Amino acid sequence: MASEHTVDVEVLTPEGEVFSGEVRQVSTRTGVGEVGILANHAPLLAELRPAELRLHVSDSETRRYAQAHGWLQVFGNHAKLLVEEALDPADLDSATLKEQLADAEQRLADSEEGSGAHGRAKKDLERAEAFLAIAEG
């Protein structure tokens, strides 16, 4: 159970749980901008965008992940992040991400705006750009 200064957090992907525990703050990016979740945050449901997810476990420990698209739910001092991917930044490969970026750009150019293929290419492009920035940052 979270204390008055922490929030219970779960980070889940289709492959399983990436993180579960108490943190002082969750920092991530939603569809409308950056957000910081502290203890006793107001209820929230938000779309997540690819970004660096930072879980401030303590004053001296921050866990970082490359977060893909997903959803954030905050309710009752519990934050649940359901994301397509949450990877350790050390596991990111810049060369592979540059290839994925080029592929997504090409698919975006080749697809019809408004089509499913166009939407997927936009999401893949956003992910590749964010993950590349994290890998090189």
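The angle between the Cα long axis of helix 94-110 and the main principal axis of the chain comes to about 60°, on a 0 to 90 degree scale. Across the chain, the mean sequence separation of Cα contacts (distance under 8 Å, 6 or more residues apart), normalised by length, yields a relative contact order of 21 percent.
I want to make sure I understand the PRE zone here: with the label point 7 angstrom from the Cα of Arg120 toward its beta carbon, which residues in segment 68-92 have backbone N atoms less than 15 Å away? Label zone hits: none. Within segment 4-51, the GluC sites (Glu not before Pro) that combine a DSSP coil assignment with at most 11 other C-beta atoms in a 10 angstrom radius are Glu4, Glu15. The calculated P(r) of segment 22-111, using every Cα pair and 5 Å bins from 0, goes 3, 13, 20, 22, 18, 11, 7, 5, 2, 0 in percent. Here the label points at Val35 and His78, each 7 Å from Cα along the C-beta direction, are separated by 1.7 nm in the simple model. Computed over the chain, the per-residue total of -39500 (n - 2.57) for DSSP H runs of n ≥ 4 gives a 222 nm mean residue ellipticity of -9500 deg cm²/dmol, rounded to 500. Between Glu136 and Leu44, the FRET efficiency from the beta-carbon distance, with R0 = 41 Å, is close to 0.85.
For segment 59-137, what is the relative contact order in percent, using Cα pairs closer than 8 Å and at least 6 residues apart in sequence? Can you show the working numbers first?
Values: 83 pairs, mean separation 23.4, N = 79.
Dividing the mean separation by the residue count of segment 59-137 yields 30 percent.
In a solvent-free Debye calculation with one equal scatterer on each Cα, what is log10 I(q)/I(0) for segment 92-136 at q = 0.18 Å⁻¹, listed in the order of the q values? Debye output, listed in q order: -0.47.
Residues whose amide H falls under 5 Å from that of His69, counting only those 5 or more places apart or on a different chain, are Glu84, Glu85, with hydrogens built in the peptide plane.
Using only the alpha-carbon atoms, how far is helix 116-136 inclined from the longest principal axis of the chain? Give it as 0 to 90 degrees, nearest 10. Relative to the chain, helix 116-136 is tipped by roughly 60 degrees. Dividing the mean sequence gap of close Cα pairs (under 8 Å, 6+ apart) by how many residues segment 92-136 holds gives a relative contact order of 52 percent.
In a fully extended conformation the segment linking Asp88 and Ser20 would gain 23.0 nm over its present Cα-Cα distance, using 0.36 nm per residue. For the chain, modelled as a GNM whose springs connect Cα atoms under 10 angstrom apart, the maximal fluctuation among Val32, Val83, Val18 occurs at Val32.
Taken together, the values in this text are just the output of simple stated rules run on the coordinates, not laboratory data. Bear in mind the structure is a predicted one, so any value in this text is a computation, not a measurement. For neighbour counting, all protein chains shown are included, and Cβ atoms are generated from backbone atoms with ideal geometry for every residue, glycine included.
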